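The values are calculated or read from the model by the stated rules, or taken from the named source; none is laboratory data. Just so we're clear, the structure is a prediction, and the values are computed from it rather than from any experiment. Don't worry about glycine lacking a Cβ; one is built from the backbone with ideal geometry, like all the others, and counts go over all protein chains shown. Surface accessibility is based on the protein's heavy atoms, side chains included, excluding ligands, DNA and RNA. Shrake-Rupley method; radii C 1.70, N 1.55, O 1.52, S 1.80 Å.
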Amino acid sequence: MEQIDVAVIGGGQAGLAAAHALHGQGLRPVVLEASERAAGSWPQYYDSLTLFSPARYSCLPGMPFPGGDPDRYPHRDEVVAYLSAYADLLAADIRTGRRVIAVRRGDDGFEVTLEDGARMAARAVVAASGTFGHPYRPALPGLEEFTGTVLHAAQYRNPAPFAGQHVVVVGAGNSAVQIASELAGAARVTLASRAPVRFARQRILGRDLHFWLQHTGLDTAPLGRFQRTPPTQLVIDDGRYCSALSAGAPERRELFTAIDGTKVVWPDGEREDVDTILLATGYRPDLPYLGGLTGALDDAGHPFHREGVSRWHPDLAFVGLEWQRSLSSNSLRGAGRDAVRVARHLAARLGRR
């Protein structure tokens, strides 16, 4: 069985940041990425996705985001290219096409099992597999009775397949509003949510919101330990999404109360035919390989941790969790900071052992 220092599970932004930080602590990480390229879930996001943070606030440690204008908002494909270049320059052993299916306790750390049956003995493990592989599908009234098409935002790419349809987009966050507004150019779209959409201005006093988050310290404040429930979502807007909703494209309604075949029933009793329900309802940590490791996850699949370090297994750490330590923890700009903290912890642990 191959013996390694640290197994980093996931080769996206969190895994690459973890590998960089671990290498800086003198450790030899092996990055295990399930797909065939080290770019995480970014290649699978919808075609028009654009970051809400400027390029200057969207980079990993040691490599600024390329391009002439640091205040532009990079497109999905730019992020994919950036992560691929970062992986090429990283002094780490990155192995693609290597899906981890189980992590168990071993004689001196953990035993990591891969989908092809190979096993590794790792002194420590960093779970950095993100959330895209675990789309959240809430129990909505009557959804199981719907005879039309049900999709999650993870399956959405562009408006072309929905031309002429009536599409109900469920959600009130950034992805829900962005997808619904884009679809409204090709289809009749209703944005359905339990709570109204709440907007945050993208630019304040001539500066991007992320400048103020950094300037005030809110971006890095250790607020994650106080987050017991997900905070209210704010849609970062330069004005176009608020205007689109005001114009009724998309139309916004309270969440439906029932479904009968292809008809949704709205709270006022109106019934409408719908072709597709698209769930922009977020994601949950994608950590199935930790399911057999006692004390690693709760019954809902969320990790027991404190600021990225497992409460039960001190040689198990996480990078890239939402609100792991701060509001930026699962972003490009925040993953590196959290990675440094857990890398220092693991280096100290392994050094003592």
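Filtering region 6-48 down to residues that are among the aromatic types (Phe, Trp, Tyr) and not in a helix (DSSP H, G or I), which residue is most open to solvent (accessible area, probe 1.4 Å)? Going through the qualifying residues, I end up with 45.
Counting only residues that are among the basic types (Lys, Arg) and either out of contact with any Gly (no Cβ under 9 Å at 6 or more places or on another chain) or surrounded by 22 or more Cβ atoms within 10 Å (Cβ to Cβ) (or both), how many does region 271-305 have? It would help to see each step written out before you state the result.
We begin by selecting, within region 271-305, every residue among the basic types (Lys, Arg); these are 271, 284.
Add one more test, that the residue is either out of contact with any Gly (no Cβ under 9 Å at 6 or more places or on another chain) or surrounded by 22 or more Cβ atoms within 10 Å (Cβ to Cβ) (or both), and what stays is 271.
Going through region 271-305 one residue at a time, the tally reaches 1.
If only residues of region 68-125 that are out of contact with any Ser or Thr (no Cβ under 6 Å at 6 or more places or on another chain) and among the basic types (Lys, Arg) are counted, the one that is farthest from residue 35 (Cα to Cα) is 72. Whenever a residue of region 321-337 is open to solvent by less than 20 Å² (accessible area, probe 1.4 Å), its partners that are among the charged types (D, E, K, R) and in a loop (DSSP other than H, G, I, E, B), lying with C-beta atoms within less than 7 angstrom and at least six residues away or across chains, give the pairs 324/307; 326/219; 328/219; 329/322.
Picking from residues in region 88-101 that are of a type in the set (A, V, I, L, M, F, W, C) and open to solvent by 70 Å² or more (accessible area, probe 1.4 Å), the one that is nearest to the chain's Cα centre (by Cα) is 101.
Scanning region 49-65 for residues that are among the polar types (S, T, N, Q) and in a loop (DSSP other than H, G, I, E, B) yields 53, 58. Counting the residues of region 102-118 that are surrounded by 15 or more Cβ atoms within 10 Å (Cβ to Cβ), at pLDDT 95 or above and either outside any strand (DSSP E or B) or out of contact with any His (no Cβ under 9 Å at 6 or more places or on another chain) (or both) gives 6.
Listed by first and then second residue, the pairs with beta-carbon distance under 9 Å, at least 6 apart or on different chains, first residue in region 63-87 and open to solvent by 60 Å² or more (accessible area, probe 1.4 Å), second among the aromatic types (Phe, Trp, Tyr), are 66/82; 73/52; 77/42; 78/65.
Within region 244-261, the residues that satisfy the criterion of being among the aliphatic types (A, V, I, L, M), open to solvent by 30 Å² or more (accessible area, probe 1.4 Å) and touching a residue at least 40 places away in the same chain (Cβ under 8 Å) are 245, 249, 258.
From 227, 233, 155, 165, which residue is within 19 Å of the chain's Cα centre (by Cα), modelled with pLDDT of 95 or more and of a type in the set (S, T, N, Q)?
Values: 227 fails: modelled with pLDDT of 95 or more; 233 fails: modelled with pLDDT of 95 or more; 165 fails: within 19 Å of the chain's Cα centre (by Cα).
On inspection, the qualifying residue turns out to be 155.
Taking first residues from region 147-170 that are in contact (Cβ under 8 Å) with a residue 60 or more places away in the chain and within 20 Å of residue 134 (Cβ to Cβ) and partners that are part of a strand (DSSP E or B) and of a type in the set (S, T, N, Q), the Cβ contacts under 7 Å between residues at least 6 apart in sequence or on separate chains come to 151/276; 170/193.
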